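Undergrad: Please see the structure below; I have some questions.
The values are calculated or read from the model by the stated rules, or taken from the named source; none is laboratory data. Bear in mind that the values here come from a model prediction, so they are computed numbers and not experimental data. Every residue, glycine among them, receives a Cβ derived from its backbone with ideal geometry; neighbour counts consider all protein chains shown. Heavy atoms of the whole protein, side chains included, go into the accessibility calculation; ligands, DNA and RNA do not. Shrake-Rupley method; radii C 1.70, N 1.55, O 1.52, S 1.80 Å.
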Amino acid sequence: MLKTSGIHHITAMVNDAQRNIDFYAGVLGLRLVKKTINFDRPEVYHLYFGNESGEPGSVITFFPWQKQLKGRIGTGQVGVTGYIIPTNSMEFWENRLQKFGVKVETSVRFGEKYLKFNDPDGLQIELTERNEGPTNNWSFGEVDSEVAIKGFGGATLNSAQPNKTANLLENILGFGSIGQDEGYLRFRSEAQLGNTIDIKLLPSVRGLMGAGTVHHIAWRAKDEEEHHKWRALLEEKGYHPTEILDRNYFKALYFHEEGGILFEIATDPPGFTVDEPLEKIGEKFMLPSWLESKRDELESALPSVKARVLKGEDL
Ligand code: ZN
């Protein structure tokens, strides 16, 4: 049976590109691992943040577009994006977020404590301490590898049909069922990062796509051969996957699940070093070969942005 090892990446929409970089790199200390454009809409940036190498299971990506209306988080979307931090680092993160004027709360589910907050566009983020997951050797500003976010712990899904989404996770995508707590069903996969998915059972308002909401969640396929098998399996099970698209850093296919959430399956290879060396990823504005001839035109239409170390002022 095919099994995904877990989350490949999560993609969300925001308004301002520099504010987005300031939060995910400047405050959270993630590495900006790729600065490119939305291949389907080249007038919009596509920014990728992850651990040192931008490993699958650590990558959050954004389409920043200033004119986009604000969305609403609700059913048919990923609700909360969860990261894991090293044990004994939660106090550091609580202090750091407060230093930047970010309001934090804590909650507990499945016996784990979560530090919860919103990013500047209203996306819901949580941090939890776990032993598992490789140390992230990327240091940025005051965030060093002792406290650095390792990657995703998981995500919570606001499904319009929780039981159908649960069935898809368990019986098609290959997650194991863990149980129920605090109104959530929990599922786990085998990867070290991005392995824990919680489905919210209580209904929430209907989600509206827009700035401050997650656009889709991508699951891992280990290579192109497996990717084709996933596509065939999804069709056999009655889903309507798109054709396989070349996203330069991975191959992608998309489908809607019954609960209204846009799912993607993405290949692990080739990753972010396909067009830049590991020491330099994220520094330059990168384009796929088929858009390289339009570089000047595309680059001049976008604001100039970069990852920068922030002091303790409010965002
Ligand atoms: Zn994607």
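Undergrad: Could you pull the Rg and Dmax for segment 15-107, using just the Cα atoms, both in Å?
TA: 14.7, 42
Undergrad: Do you know the relative contact order of the chain, to the nearest whole percent, from alpha carbon pairs under 8 angstrom that are 6+ apart?
TA: Computed value for the chain: 27 percent relative contact order.
Undergrad: Summing +1 for each Lys or Arg and -1 for each Asp or Glu, what net charge is found among the other residues whose Cβ lies under 11 Å from the Cβ of GLY154?
TA: The answer is 0.
Undergrad: Would you calculate, for the chain, the mean residue ellipticity at 222 nm contributed by helices, counting each DSSP H stretch of 4 or more residues as -39,500 (n - 2.57) and dividing by all residues, to the nearest 500?
TA: Only helices count here, giving -4000 deg cm²/dmol.
Undergrad: Listed highest first by mean packing, meaning other Cβ atoms within 10 Å per residue, what order do 90-103, 151-164 come in?
TA: My ranking of the peptides, most packed first, is 151-164, 90-103.
Undergrad: I'd like the Karplus ³J(HN,Hα) series for segment 214-229: coefficients 6.51, -1.76, 1.60, θ = phi - 60°, whole numbers in Hz, and an x wherever there's a Gly or Pro.
TA: 7, 7, 6, 10, 10, 9, 7, 10, 6, 7, 5, 4, 5, 4, 5, 5
Undergrad: Amide H of GLY153: which non-local residues (sequence gap of 5 or more, or other chain) have their own amide H closer than 5 Å, using H built in the peptide plane?
TA: Amide H to amide H, under 5 Å and 5 or more residues apart or across chains, GLY153 pairs with GLY82, TYR83, ILE84, GLY194.
Undergrad: Continuing with the same structure: Please list, ordered by chain and number, the residues whose modelled amide H lies under 5 Å from the amide H of ASN38; skip anything fewer than 5 residues away on the same chain.
TA: Those qualifying (amide H under 5 Å, at least 5 residues apart or on another chain) are VAL44, TYR45, HIS46.
Undergrad: Per residue of segment 51-65, in order, report the coupling 6.51 cos²θ - 1.76 cosθ + 1.60 (Karplus, θ = phi - 60°) as ³J(HN,Hα) in whole Hz, putting x for Gly and Pro.
TA: Using θ = phi - 60°, the values come out as 7, 3, 9, x, 4, x, x, 10, 9, 10, 10, 9, 10, x, 9 Hz.
Undergrad: Pop out the ³J(HN,Hα) list for segment 159-167 in order, Karplus 6.51 cos²θ - 1.76 cosθ + 1.60 with θ = phi - 60°, rounded to Hz; leave Gly and Pro as x.
TA: Here the 3J(HN,Hα) series is 7, 6, 9, x, 6, 6, 5, 4, 4 Hz.
Undergrad: For the pairs LYS280/LYS306; LYS34/LYS99; LYS222/LYS284; LYS70/LYS251; LYS229/LYS251, flag any whose C-alpha to C-alpha distance is greater than 22 Å.
TA: The pairs that break the limit, which is 22 Å between Cα atoms, are LYS34/LYS99; LYS222/LYS284; LYS70/LYS251.
Undergrad: Between ARG188 and ASP40, what is 0.36 nm times their sequence separation minus the Cα-Cα distance? Round to one decimal in nm.
TA: Stretched out fully, the ARG188 to ASP40 stretch lengthens by 50.1 nm.
Undergrad: Now for a separate question. If you roll a 1.4 Å probe over the heavy atoms of the protein chains, what accessible area per residue do you get for the chain, in Å²?
TA: 43 Å²
Undergrad: Points 7 angstrom from Cα along the Cβ direction at ASN167 and LYS70: gap in nanometres?
TA: Here the modelled spin labels are 3.8 nm apart.
Undergrad: If you line up the Cα atoms of the chain on their principal axes, what length do they span on each, largest first, in Å?
TA: 47, 45, 36
Undergrad: Students often check this: by mean Cβ neighbours within 10 Å, which of 294-303, 180-189, 120-129, 23-32 ranks highest, and how do the rest follow?
TA: In descending order of packing, they fall as 23-32, 120-129, 180-189, 294-303.
Undergrad: If you roll a 1.4 angstrom probe over the protein chains with everything in place, what fraction of the accessible area of the chain belongs to carbon and sulfur, to the nearest %?
TA: Its accessible area is 48 percent carbon and sulfur atoms.
Undergrad: Hey, with R₀ at 22 Å, roughly what FRET efficiency would ASN131 and SER107 work out to, going by the Cβ-Cβ distance, to 0.05?
TA: 0.60
Undergrad: Whose amide H sits under 5 Å from the amide H of ILE172, counting only residues 5 or more places off or on another chain, with H placed in the peptide plane?
TA: The list, which skips near neighbours in sequence, is empty: none.
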